[in-house]
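Read through the structure below, which is laid out as structure tokens, and then see the notes.
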Amino acid sequence: PVADFTGTPTSGVAPLNVSFADASTGSVTSWLWAFGDGGTDTQQNPSHVYNTPGTYSVTLQVSGPGGSDAEVKLAYITVNDPPPVADFSGAPQSGVVPLTVNFTNLTTGGPVSGWTWVFGDGTFSNLQTPSHTYTMTGTYTVTLIAAGPGGTDAETKTAYITVSDPPPVAAFTGSPTSGVAP
């Protein structure tokens, strides 16, 4: 036999499920697959899940009455990190000026190498979990951009922070405060 095969897909994000198809010619009675990540299989047309990002070489060894043959495809499967999924919360979401908001980064998914916060008042931060003080009244839209090896994602919350003027404080004076009538 002469070993040959295909895999679909050959690249994608982890976990990546690849379907392998035997394309060997000649009389084949057994198959031994080595997927490059330590996994093996003896089915003719197996599927294999790659859980860890990396590049993998795949080997198919076939045997039959006429002998055996192997096909090695170097760097055949490329598994990438999944992109992050940006998310956040902030507290408090409303109050009087100056209002300090503590933001919590709730980003999930792939590894994150950087964050960009856009607070809606012309200021920014690259901290993972910042606090920000709003010094002007208004309603502010906040965006978090999370970037990693698997890509970039942004979460925007429209009209998320409301900053208002402090309420008036009643006060008065009178003069004189005592005396003879009238």
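Enter the Cα centre distance for the pair segment 68-87 and segment 107-126, rounded to the nearest angstrom.
Rounded to whole Å, the Cα centres lie 29 Å apart.
How much accessible area per residue does segment 100-162 have, in Å², with a 1.4 Å probe?
51
In the P(r) worked out for segment 124-182, what percent of Cα pairs fall beyond 17 Å?
65
What number, in percent, do you get for the relative contact order of the chain if the mean sequence gap of Cα pairs under 8 Å and at least 6 apart is divided by its residue count?
Dividing the mean separation by the residue count of the chain yields 17 percent.
Defining a contact as two alpha carbons under 8 Å apart and six or more residues distant in sequence, what relative contact order in percent does segment 52-118 show?
27
Can you give me the solvent accessible area of Ser113 with a 1.4 Å probe, rounded to the nearest 10 Å²?
Roughly 100 Å² of Ser113 is accessible to a 1.4 Å probe.
In whole Å, what are the Cα extents of segment 61-140 along the three principal axes, biggest one first?
So the extents along the principal axes, rounded to whole Å, are 84, 19, 17.
At 1.4 Å probe size, put Thr108, Thr162 in order of accessible surface, largest to smallest.
The ordering from most to least exposed comes out as Thr108, Thr162.
Checking a compactness column here: for segment 82-182, what do you get for Rg(Cα) / (2.2 N^0.38 Å), N being the number of residues?
It is 1.71.
Show Leu127, Leu60, Leu32, Leu74 ordered by accessible area, largest first, where the area counts protein heavy atoms only and the probe is 1.4 Å.
Per-residue accessible area, sorted high to low, gives Leu74, Leu127, Leu32, Leu60.
Taking every DSSP beta bridge with both residues inside the chain, roughly what % is antiparallel (nearest 5)?
That works out to approximately 90 percent antiparallel.
Can you match Cα Rg over 2.2 N^0.38 Å to one of these, (1) 1.99; (2) 1.16; (3) 0.99, based on a calculation from the structure here?
Working out Cα Rg over 2.2 N^0.38 Å from the coordinates points to (1).
Using protein chains only and a probe of 1.4 angstrom, how many square angstrom of Thr152 are accessible, to the nearest 10?
Rounded to the nearest 10, the figure is 100 Å².
Starting from the coordinates of the alpha-carbon atoms of segment 1-62, obtain the Kirkwood hydrodynamic radius over all distinct pairs and give the value in Å to one decimal.
Mean inverse Cα-Cα distance, inverted, gives 11.9 Å.
Would you grab the residues whose amide H sits under 5 Å from the one on Ala23? Only those 5+ places off in sequence or on another chain, please, with H modelled 1.01 Å from N.
Asp4, Phe5, Thr6
May I ask you to give the percent of accessible area on segment 1-78 that is carbon plus sulfur, with a probe radius of 1.4 Å?
Carbon and sulfur together cover 50 percent of it.
Quick one: how many Å² of Thr6 are accessible to a 1.4 Å probe, rounded to 10?
70
The values are calculated or read from the model by the stated rules, or taken from the named source; none is laboratory data. These numbers come from a predicted model, not from an experiment. Note: areas computed on protein heavy atoms with side chains; ligands, DNA, RNA excluded. Shrake-Rupley method; radii C 1.70, N 1.55, O 1.52, S 1.80 Å.
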